[in-house]
Every structure is written in structure tokens, then in C-alpha cells.
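Novice: What follows is a structure written as C-alpha cells; I'll ask about it next.
The values are calculated or read from the model by the stated rules, or taken from the named source; none is laboratory data. These figures come from a predicted structure and were not determined experimentally. Positions of Cβ are generated from backbone atoms using ideal geometry, with glycine treated the same way; all protein chains shown enter the neighbour counts. Note: accessible area is taken over every heavy atom of the protein model, side chains too, but ligands, DNA and RNA are not part of it. Shrake-Rupley method; radii C 1.70, N 1.55, O 1.52, S 1.80 Å.
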Amino acid sequence: AMQQELLLNLPLLEPAHTCLTVVNVGMPECWVLAGDLHCAGVRGTAAASLQEAMQAYQKAVQLANLPPAFAEIGRLEELQGNEEAALSWYSKAADKQYSTAELALAKMLAAAIKEDGSGTMVRAEKRAALLAAMKAVKHGLPRAKALAGTLEEDASKAAVLLQEAVEEDGHPECLLTLAKGYAFGQYGLSRCVDCATALQFCLPFRFWQ
């Protein structure tokens, strides 16, 4: 407990180096934090920081098989366009019921959904993405209801999921998805331009479209 408190209160001068020092005295979770700090670009160039981040997350996996490390390796692989590797790492974290990875996995599955000859999304692929999103919800990430709402075929259930995502989480992604639903009359929602506009004004500026 003392080591944890010491870590969290250290000044961010050489944070990644400091974290690695603490790791060596018995806190493997700090390898994940070191990776996070490298990703934030706290030292070196962006490319070097990402490489060091990957090494830190891999060390966390070697020491303790930490789900957050699995998920972060998956994120870095996805950023580099290595979709197959990303899916593999996200799946490893999802197998340990890590909700962040379950949502990331659901997003990748949803993005990969193809359409059949009639322009309809392939049902099996859609269901797989929906299942992953709902697992994230079950394991404590209500934000995933926004994605689930876009995948749910039952219109009434879809609308409820989108509204619950905003009520229970309020993340900009949830607000944006609900706003789009109202703007275009999708996901079981009646078209309501005023509702969409009101939600848009609740979003940070970078989400405005």
C-alpha cells in the first residue's frame, strides 16, 4: 500500500522511469501505467514512446497476465493497422471479463460487418458484435449500450439501450449516437431534429459534425 501511495504522488518528471523502478520491487501493475505514460508521449518521440509502451505492456503480460495489458497491446496493434493481432489481444482480455476490451472487440467486430446482396448487414456478424457489447455492459461498462443499440434488431430495445447509455454513462460517444438516432430516425427512435440539436450542444466541440 505504501508503494502504491508513493507511486501515485510522485511528480511527473521521469514518470516512466520511476514507474519501472517501483515495478522491480513488486508492483507489476505499474508496467501498465508505464505503458500508459509512454502512450501519452511524456518522453521521447511519439514513435519511440509507442514502442516503449508496447514493451512495457508486454512485460506486464509476462509478469502477471494483466487484462489491461492485453487490451492496451490490442489497442496499439489496432493503431498500427494489425487488425488480426488486435482482435487476438482484445479477445484475451475479454476472456478475463475486462469490459474495456469487450467494448473494443465489439467495435472491431461491428466495423467488419459486411452486407449481403440486399444491402442488409449479415445477421451472424451483427449478433457477434452485439454479444460482445452486451458483455461489456454486464461487466460494468454502460457506455457499451450505445453501440449495442445500433446493433439491436428489435427497434424498441435499441431505443431503450441508446437512452440508457446516456442516462447511465453520459460519455460523448453515447450522446453522439443518440443524437444521430434522432437526426435520422434510426435505432427505433422517431426523427426529432430539435432533440438531435439539443444533444449536439451537450457534446465537446471536437465531436460536432
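Novice: Assuming Gly170 fulfils every condition listed in (1) within 17 Å of the chain's Cα centre (by Cα); (2) of a type in the set (Gly, Ala, Ser); (3) closer than 19 Å to Lys126 by Cα apart from one, which condition is it?
Specialist: Status for Gly170: all satisfied but (3).
Novice: So the check is Cβ under 7 Å with 6+ separation or different chains; which pairs have a first residue in the range 76-105 that's without any contact (Cβ under 8 Å) to a residue 24 or more places away in the chain and among the charged types (D, E, K, R) and a second one that's open to solvent by 30 Å² or more (accessible area, probe 1.4 Å) and part of a helix (DSSP H, G or I)?
Specialist: Glu77/Ala85; Glu77/Trp89
For (1) part of a loop (DSSP other than H, G, I, E, B); (2) small (Gly, Ala, Ser); (3) open to solvent by 70 Å² or more (accessible area, probe 1.4 Å); (4) over 20 Å from His139 (Cα atoms), each residue gets a yes or a no:
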{"residue": "Ala159", "(1), (2), (3), (4)": "no, yes, no, yes"}
{"residue": "Glu164", "(1), (2), (3), (4)": "no, no, no, no"}
{"residue": "Glu167", "(1), (2), (3), (4)": "no, no, yes, no"}
{"residue": "Gly170", "(1), (2), (3), (4)": "yes, yes, no, no"}
{"residue": "Glu173", "(1), (2), (3), (4)": "no, no, no, no"}
{"residue": "Leu178", "(1), (2), (3), (4)": "no, no, no, yes"}
{"residue": "Gly188", "(1), (2), (3), (4)": "yes, yes, no, yes"}
{"residue": "Cys195", "(1), (2), (3), (4)": "no, no, no, yes"}
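Novice: Name the single residue, out of those in the range 47-94 being in a loop (DSSP other than H, G, I, E, B) and farther than 11 Å from Glu29 by Cα, that is most open to solvent (accessible area, probe 1.4 Å). Spell out how you get there, then give the answer.
Specialist: Looking only at the range 47-94, we keep the residues that are in a loop (DSSP other than H, G, I, E, B), and these are 65-66, 80-82.
Imposing the further condition that a residue be farther than 11 Å from Glu29 by Cα reduces the set to 80-82.
Values: Gln80: 124, Gly81: 53, Asn82: 64 Å².
Of everything passing the filter in the range 47-94, Gln80 is most open to solvent (accessible area, probe 1.4 Å).
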